[in-house]
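The values are calculated or read from the model by the stated rules, or taken from the named source; none is laboratory data. On a predicted model such as this, the values are computed, not experimentally measured, just so you know. Reconstructed Cβ throughout: ideal geometry from the backbone, glycine too, with neighbour counts over all protein chains shown.
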Amino acid sequence: MPQIASRPWIARPLSFPPATFHTQHLAACPRLELGHGTFAAYTRGMHEQIQYYSTNRQVAPVSLAEALLQGQAADRGLFMPDRFPPLDLAGMAKLRGRPYADVAYEVLRPYADGTFDDATLRALCDDAYDYDVPLERVTGRRYLMRLDRGPTASFKDFAARMMARWMSVLMRQQAGELVILTATSGDTGSAVAHAYHGVPRVRVVVLFPPAEVSDRQRKQMTTIGGNVTTIGIDGKFDDCQALVKRAFADPALRDIRLTSANSINIGRLLPQSVYYVYAYINLADVAAREPIVFSVPSGNFGDMMGAVIARRMGLPISRLVIATNANDEVPLFLSSGRYRKISPSRVCISNAMNVGHPSNLARLVDVYGGMMDETGVLREQPDMEQMRRDLYAISISDDETRMMIQAAYEQHNTLLEPHGAVGWAGLEAYISENPSAAEALAVSVETAHPAKFPEEIRSLIGLDPPVPPSLAGLESRPEQYERMSTSYEPFRDWLLGRFT
Ligand SMILES: *Cc1c(COP(=O)(O)O)cnc(C)c1O
């Protein structure tokens, strides 16, 4: 747990005004003094900018800039926008067939207002989203949205790339260096490392368990170099996570500006609402406000929170299917109203979803009027009835996942990997329970490229998934990474030696 008292830069507002501002308003307001407080209050009044509050509600709301740099709020809650700006669906319909970056810009603009000006945001969107977002028709009105065409072939590229660009702009106005410390069981490490590679004044340290990641996943991290350092920890993912948590809490490291890049950061969340809007305007009858069903394979619940946010902004999502693997704590919570974490988490073939207590659950509970603290204790019950109307949660076993990969290939010639198969199986379960939804427009999210899981797919359907350019050539690139034990002191000394 981050010990906030030891990190004064977290505890108080950062010492800069909103990172960029609208100079025309400066000119229009001769009384303006460039005291930070005055300036912030002024711009807030002018634009009614969105502020970010903590789900624990013990600290004052902050700007996007502060929320991005703090990661977790000082009271250990998670930042949430204080309102959800309504989507102009009629206006957005004009973006049908336009590049993804155009949609990202329109959706993110109100959230970024006051921290990033329009021209900056526009340029960042163009730069971050330079790859395809295929919407593949599988059968009838049912589609697969493939979010696997980014540089690390997982959907985490969408958020990591935008967050890295936002932080890089903010760091231009900050003294010193930011050290991003992250533990990974596979996809997070490579997406974050790639996204921050070459960003000035940001350094990345990724801890991973060599025995638990695939060769391809490891090489995606260890061949980057530059400002990215990878450390193989001789232990499990939990050991990596424990080292990271101790470092955040360690007063001896207070001179290093450590921050996290996992999905507790609001910067990892907001960009994940964009692709739901993108799918909708490209597939739905927007003028008729046609309802849509999304199915999202879920672990830490960051991806599905993107859909929840899009829905709050007015996207006509009639039902959101939440498909988990055998880690079924949320489906059980929805049916029973009681929440119990699963510890240790269950090991499944959809390994990026092996989560026994989703870190974004506090946000979901918050949106439905409840409160969950950082340890997973429900302080206030959310509106369970409303949640059940909006969501359909289901747990899919490994056997069902494997059968789904085979069935999708045999029946529809559609290639799924284990995570996307959990999502598709969740959608099929929902439709078989709700026959009236059979004709509905439905989109299931494929979160990784099948070529990341060649062994599983080969054994199920006897086919080697074609390797996308993002994964090609990995084998021959030189690897470099440190090795460390699970004990904390050597790791702390390494951080001190490297960054102070
Ligand atoms: C991280 C990940 C998920 C789970 O996403 P959450 O936002 O944690 O729910 C699903 N599939 C893949 C391939 C992932 O990497």
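I'm checking my understanding of the structure. Among residues of segment 213-226 that are buried (at least 17 other Cβ atoms within 10 Å of the Cβ) and in contact (Cβ under 8 Å) with a residue 60 or more places away in the chain, which one is nearest to LEU181 (Cα to Cα)?
It comes out as MET221.
Any idea which residue in segment 253-274 is farthest from the ligand (Cβ to nearest atom), counting only those that are among the β-branched types (Val, Ile, Thr) and in a loop (DSSP other than H, G, I, E, B)?
ILE256
Please specify each residue of segment 91-101 satisfying the condition of being assigned to a helix (DSSP H, G or I) and either within 13 Å of TYR280 (Cβ to Cβ) or within 24 Å of the chain's Cα centre (by Cα) (or both).
MET92, ALA93, TYR100, ALA101
When residues of segment 354-365 are filtered for being crowded, with 21+ Cβ neighbours inside 10 Å and within 12 Å of the ligand (Cβ to nearest atom), how many remain?
The total comes to 7.
Is it true that some residue in segment 334-353 is charged (D, E, K, R), away from the ligand (no atom under 13 Å from the Cβ) and in a strand (DSSP E or B)?
The answer is no, given that none of the residues of segment 334-353 is charged (D, E, K, R), away from the ligand (no atom under 13 Å from the Cβ) and in a strand (DSSP E or B).
Report, by residue number, each residue of segment 333-363 that is hydroxyl-bearing (Ser, Thr, Tyr) and in contact with a strand residue (DSSP E or B) (Cβ under 7 Å, 6 or more places away or on another chain).
TYR339, SER350
Taking the stated definitions as given, is ARG218 basic (Lys, Arg), within 16 Å of the ligand (Cβ to nearest atom) and assigned to a helix (DSSP H, G or I)?
In short, yes.
Out of all the residues in segment 398-406, is one or more surrounded by fewer than 23 Cβ atoms within 10 Å (Cβ to Cβ), outside the structural domain of GLN241 (by TED's automatic domain parsing) and at positive phi?
For segment 398-406, residues surrounded by fewer than 23 Cβ atoms within 10 Å (Cβ to Cβ), outside the structural domain of GLN241 (by TED's automatic domain parsing) and at positive phi: absent.
Mind checking whether some residue in segment 191-211 is among the basic types (Lys, Arg), under 21 Å from the mean Cα position of the chain (by Cα) and over 22 Å from GLN272 (Cβ atoms)?
yes
Looking at (1) modelled with pLDDT under 95; (2) part of a helix (DSSP H, G or I), which is the one condition that is false for SER459?
All conditions pass for SER459, except number (1).
Whether any residue in segment 127-136 is of a type outside the set (Asp, Glu) and assigned to a helix (DSSP H, G or I) is what I want to check.
Checked segment 127-136: at least one residue is of a type outside the set (Asp, Glu) and assigned to a helix (DSSP H, G or I).
Would you mind telling me which numbered condition in (1) within 19 Å of SER350 (Cα to Cα); (2) surrounded by 19 or more Cβ atoms within 10 Å (Cβ to Cβ) THR229 fails?
(1)
Any chance you could count how many residues in segment 284-301 are within 16 Å of the ligand (Cβ to nearest atom) and on the phi > 0 side of the Ramachandran plot?
Total satisfying the criteria: 1.
Given (1) surrounded by 16 or more Cβ atoms within 10 Å (Cβ to Cβ); (2) among the aliphatic types (A, V, I, L, M); (3) more than 16 Å from the ligand (Cβ to nearest atom); (4) under 17 Å from VAL277 (Cα atoms), where does LEU147 come up short, assuming only one miss?
All conditions are met except number (3).
Among (1) within 30 Å of LEU253 (Cα to Cα); (2) more than 16 Å from the ligand (Cβ to nearest atom), which single condition is GLY376 missing?
All conditions are met except number (2).
I'm trying to understand the selection: among the residues of segment 165-178, which are buried (at least 18 other Cβ atoms within 10 Å of the Cβ) and either without any contact (Cβ under 8 Å) to a residue 40 or more places away in the chain or β-branched (Val, Ile, Thr) (or both)?
Residues satisfying the conditions are SER168, VAL169, MET171.
For residues that are part of a loop (DSSP other than H, G, I, E, B) and away from the ligand (no atom under 14 Å from the Cβ), scanning just segment 302-325, find the one that is surrounded by the most Cβ atoms within 10 Å (Cβ to Cβ).
Step by step, filter segment 302-325, then rank; the result is LEU315.
Rundown of residues vs (1) free of Cβ contacts under 8 Å to residues at least 24 places away in the same chain; (2) not charged (D, E, K, R), yes/no style:
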position	(1), (2)
LEU391	no, yes
SER397	no, yes
HIS412	no, yes
ALA440	no, yes
ASP464	yes, no
PRO469	yes, yes
ALA472	yes, yes
TYR488	no, yes
ARG498	no, no
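Kindly provide the set of residues from segment 169-188 that are within 13 Å of the ligand (Cβ to nearest atom) and either modelled with pLDDT of 90 or more or assigned to a loop (DSSP other than H, G, I, E, B) (or both), ordered by number.
If the condition is that a residue be within 13 Å of the ligand (Cβ to nearest atom) and either modelled with pLDDT of 90 or more or assigned to a loop (DSSP other than H, G, I, E, B) (or both), then THR182, THR184, SER185, GLY186 are the ones that fit.
I'd like the residue in segment 468-500 that is among the aliphatic types (A, V, I, L, M) and under 15 Å from ARG203 (Cβ atoms) and, out of all such residues, is surrounded by the most Cβ atoms within 10 Å (Cβ to Cβ).
LEU495
Somewhere in segment 229-252, is a residue within 14 Å of the ligand (Cβ to nearest atom), out of contact with any strand residue (DSSP E or B) (no Cβ under 8 Å at 6 or more places or on another chain), in a helix (DSSP H, G or I) and not basic (Lys, Arg)?
Taking every residue of segment 229-252 in turn, none turns out to be within 14 Å of the ligand (Cβ to nearest atom), out of contact with any strand residue (DSSP E or B) (no Cβ under 8 Å at 6 or more places or on another chain), in a helix (DSSP H, G or I) and not basic (Lys, Arg).
Does at least one position in segment 374-388 carry a residue that is buried (at least 17 other Cβ atoms within 10 Å of the Cβ), touching a strand residue (DSSP E or B) at 6+ places or on another chain (Cβ under 6 Å), in the same structural domain as SER432 (by TED's automatic domain parsing) and not aliphatic (A, V, I, L, M)?
No, because not a single residue in segment 374-388 is buried (at least 17 other Cβ atoms within 10 Å of the Cβ), touching a strand residue (DSSP E or B) at 6+ places or on another chain (Cβ under 6 Å), in the same structural domain as SER432 (by TED's automatic domain parsing) and not aliphatic (A, V, I, L, M).
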